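Let me begin by presenting the structure, written as structure tokens, before commenting on it.
What follows draws every value from the coordinates through simple rules; no lab data is involved. Given the structure is predicted, the values throughout are model-derived calculations rather than measurements. Glycine also receives a Cβ, built like all others from the backbone with ideal geometry; neighbour counts cover every protein chain displayed.
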């Protein structure tokens, strides 16, 4: 009898795999099929042929080139996520398809539905690659059952639609955020043109400057995001006082027009400074705060706090309530939005991309016991550099650090 706490063979899809002998036989069966060979040669998209256990028995040249696979034999017997490097492929007890995150994977869902219904199934997959946990692909998925003799296979076609998703996001940003800011500037300019009191005129001018700054920041952020995904973004590191930065974020969102009635609290911590990209870190924390405010109800309190250790700074943003389990599984994936209406799908993804790949930190979250906490932990010094930390007015040069880790 299994122990009560024993891990299951799978959290989602069936866990079994074919024997080496059966895999070789299936590979030979596919190689002898003119239909499948024609598909492999002709398909311009990524193509994998899977056995009943969702294991690879053949792939096309496009997939090999896309993922820099030198030896096609190395993919034999792997599942799709293992073959392409999904960040969650190794998390399940039996590999790809068996981890909790696989429950929301469009590829696994399409394959299983195709096998169950013996009919083509379509889906979308938001794939995070394991080379750094921040590289993302949006894939259109088509799983089609094929029978050769008495053996059943699945033809899995993966089409990269990342550019299309990016275009959709840019359209939403342009038509919503940028036009809103431009419209606000236009409205204030019209009021000034019509004439007003000197006091109101100064107030309107201040609003115009703020709106113009927001407009420029949104355009610059989208440019940074494009560069970051291409790997060409170069962060600008400088000494940043965390207390001062958090005060700035607090002032931006204390009375935010999109979240009236929420309470924002900044808990003062020790004053510390680190070498980082100021605009990126401010954007990451701002995203965390705005998400927390939008997820809260009027009267709720959102809290910002920071802690420092000998070698790291941790920033936490917490709000009442819990994120639904299925939503938790899709956080940090590009094109996924937690908004009830169609959002941009870049908030948590850009946090992780910039926070981990470019700021060398760790972005994480916890949502349980009636509370949701997002966090970023950052090194107080960059690799090969020394960075000053200021604590209670004393400046110390750090060239080494400990192994202290925080959990949210």
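Taking label positions 7 Å along the Cα-Cβ direction at both residue 220 and residue 309, the computed distance is 3.3 nm, reported to one decimal. The label-point distance for residue 74 and residue 182, in a model that sets each label 7 Å from Cα toward Cβ, rounds to 4.8 nm.
Using the Cα gyration tensor of segment 1-143, with a ≥ b ≥ c the square roots of its eigenvalues, what is the shape: rounded (a/c below 1.5), prolate (a/b larger than b/c) or oblate (neither)? Here segment 1-143 falls in the prolate category.
Note on residue 7 and residue 250: the extension gain reaches 83.2 nm, defined as 0.36 nm multiplied by sequence separation minus the Cα-Cα distance. Is the C-alpha gyration tensor of segment 231-338 telling us rounded, prolate or oblate? Criteria: a/c under 1.5 is rounded; beyond that, a/b larger than b/c is prolate, otherwise oblate. The shape class here is oblate.
The slack between residue 322 and residue 43, meaning 0.36 nm per residue of separation minus the straight C-alpha distance, is 96.1 nm. On the beta carbon distance between residue 19 and residue 279, with R0 = 60 Å, the FRET formula returns roughly 0.65. Net length available on complete extension from residue 147 to residue 159 is 2.0 nm, with 0.36 nm assigned per residue and the Cα-Cα distance removed. What shape does segment 181-245 take by its C-alpha gyration tensor, where a ≥ b ≥ c are the square roots of the eigenvalues and a/c under 1.5 counts as rounded, a/b above b/c as prolate, and the rest as oblate? Since a/c reaches 1.5 but b/c is at least a/b, the shape of segment 181-245 is classed as oblate.
Footprinting exposure proxy ranking of 105, 125, fewest other C-beta atoms within 10 angstrom first, gives 125, 105.
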